[in-house]
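What follows is one structure encoded as structure tokens, with my remarks underneath.
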Amino acid sequence: MHANVRCLPLLLIAACANAASEGPVMTASQGAIGAVELEARDNDAAGGEAAPTDRKLIRTAWLVFEIDDDGDERKQLNQKAQQVAEGFGGYLATESASGFTMRVPADQLDEAIAALEKLGEVTGRGHRVSDVSRQHRDLGIRIENAKHLQARLRSLLEKAQDVKEILAVEKELSRVTLELETLEAEMRNLSRQIALATIDVRYEDDVSPGPVGWVFYGLFKGVKWLFVWD
């Protein structure tokens, strides 16, 4: 550990002993903040990249169902989808006449998609994976650093001897506490996104072309055959 970190207790004691002098608290607080910044750089250098087996991934999938323009069919599909979600330990986050959004444990995503595809005719599908390993690691380091600084400021507050010193430390402690709460909220939200994958399902009306529509449909199929063979 750097020499500045080892000298931190001496800085804190000196700040309290010289309460009558001008601005002793801010000097001690700045010393604590500097020590935390040094630790943050050390932790960041030691952390390195996340191992391939420890990646933090956010998985999102989407499906398009072709259905008749029937409100009852949509309602039934929503009810069946809710049963699928609960069967995999998840839930429906949103639902409407145009589709729904499902959250399921990330390790159950493929199985949940397979179960949903059995509910109707799927005309479109997709899957996206976002690697947030670095974001998760950096956020964890910032939280630990904020906790260390918060503890040091509380210790400094216990040793404060006059009103000016107390108010200065309390102001800095309030700022650090608010920052810590914000970081922890971000971590909880990120962790939920990692733990629970998202499946977005959209309903598409089954439209039958009219006489002229069939002509253009046949023309499209013929042109496609000239360039692409299935």
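Calculated FRET efficiency, Ala151 to Arg55, Cβ-Cβ distance, R0 = 25 Å: about 0.20 to the nearest 0.05. Around the amide H of Ala93, modelled in the peptide plane, lie the amide H atoms of Thr101, Met102, Arg103, all under 5 Å away and 5 or more residues distant in sequence or on another chain.
Between Ser130 and Glu170, what's the calculated FRET efficiency when r is the beta-carbon distance and R0 is 35 Å? Round to 0.05. Plugging the Cβ-Cβ distance into 1/(1 + (r/R0)^6) gives 0.30.
Pairs from the table (Lys56/Lys80; Lys56/Lys118; Lys75/Lys118) lying more than 21 angstrom apart at Cα are Lys56/Lys80; Lys56/Lys118. Only protein atoms count toward the accessible area here, which uses a 1.4 Å probe; on segment 79-159, the carbon and sulfur part of that area reaches 46 percent. Under the simplified labelling scheme, the Ser191-Glu117 pair shows an inter-label distance of 3.4 nm, with each label point 7 Å from Cα along Cα→Cβ.
Per residue, segment 57-210 exposes 56 Å² of accessible surface when a 1.4 Å probe is rolled over the protein heavy atoms with every protein chain present. The phi-based Karplus calculation (6.51 cos²θ - 1.76 cosθ + 1.60; θ = phi - 60°) puts the 3J(HN,Hα) values of segment 86-94 at 5, x, 9, x, x, 6, 8, 7, 9 Hz, whole numbers, x for Gly and Pro.
In this rough spin-label picture, where each label sits 7 Å from Cα along the Cβ direction, the Asp162-Glu184 distance is 3.4 nm. Taking all protein chains as shown and a probe of 1.4 angstrom, Arg55 keeps an accessible surface of around 100 Å².
With the whole protein complex present, Glu144 retains an accessible surface near 80 Å², based on a 1.4 Å probe.
The values are calculated or read from the model by the stated rules, or taken from the named source; none is laboratory data. Computed from a predicted model, the values in this text were never measured in an experiment. Every residue, glycine as well, gets a Cβ built from its backbone with ideal geometry; the counts of neighbours run over all protein chains shown. Surface accessibility is based on the protein's heavy atoms, side chains included, excluding ligands, DNA and RNA. Shrake-Rupley method; radii C 1.70, N 1.55, O 1.52, S 1.80 Å.
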